[in-house]
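The values are calculated or read from the model by the stated rules, or taken from the named source; none is laboratory data. Computed from a predicted structure; not experimentally measured. In this analysis, Cβ positions are derived from the backbone assuming ideal geometry, glycine residues included, and neighbour counts consider all displayed protein chains. Note: areas computed on protein heavy atoms with side chains; ligands, DNA, RNA excluded. Shrake-Rupley method; radii C 1.70, N 1.55, O 1.52, S 1.80 Å.
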Amino acid sequence: MQTLLLGPDDVREYADLPSVIDAVAAAFAADARDNTIMPAKSYIDLPEYNGDFRSMPAYVHAGDWDAAAVKWVNVHPDNPSDHDLPTVLGTLIYSDPETAVPLAVMDGTNLTRL
């Protein structure tokens, strides 16, 4: 099985707001039924780079579908001035919960905005 690589343009094209809203609503409903596993966000502090990384894993079982993912996000305030990059960048790894096959690695920055 091939892992999809979805950059920012792909996410903007395919992650339409109504679908995102439906998925978030289904995830909140699953959480209300205790059908989620979402450990606390973990941090890796990088004072030498004036930044940090944050990992946010989650598993959702929402009736006829389930999903597992981890979002990897940074906050580096010096990025704009020092590297011409955004302060915050994100990547999401979406995996098949049954087999652990990574189904997609995608831009998480646009997903977070949605």
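What the table below lists for this structure:
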| read-out | value |
| --- | --- |
| Surface accessible to a 1.4 Å probe, per residue, for the residues of the chain, Å² | 67 Å² |
| Normalised contact order of the chain, rounded percent, pairs of Cα under 8 Å and 6 or more residues apart | 27 percent |
| Net charge, Pro39 excluded, C-beta distance under 13 Å - Lys, Arg +1, Asp, Glu -1 | +3 |
| Geometric extent, Cα atoms of region 63-109 - Rg, Dmax (angstrom) | 14.6, 47 |
| Total formal charge among the other residues, if their Cβ is under 10 angstrom from that of Asn74, Lys/Arg +1 and Asp/Glu -1 | 0 |
| Residues whose placed amide H lies under 5 Å from that of Asp96, excluding near-sequence neighbours | Val101, Leu103 |
| Sequence-separation-based contact order of region 1-59, relative, with Cα cut under 8 Å and 6+ spacing, percent | 23 percent |
| Cα-only radius of gyration and Dmax that characterise region 3-44, units Å | 13.9, 34 |
| DSSP-defined beta bridges in the chain - what % are antiparallel, rounded to 5 | 90 percent |
| Two-decimal Rg/Rh across the chain, once Rg and the Kirkwood Rh are taken from alpha-carbon atoms | 1.00 |
| Mean residue ellipticity (222 nm) of the chain, computed from DSSP H runs ≥ 4 via -39,500 (n - 2.57), nearest 500 | -8000 deg cm²/dmol |
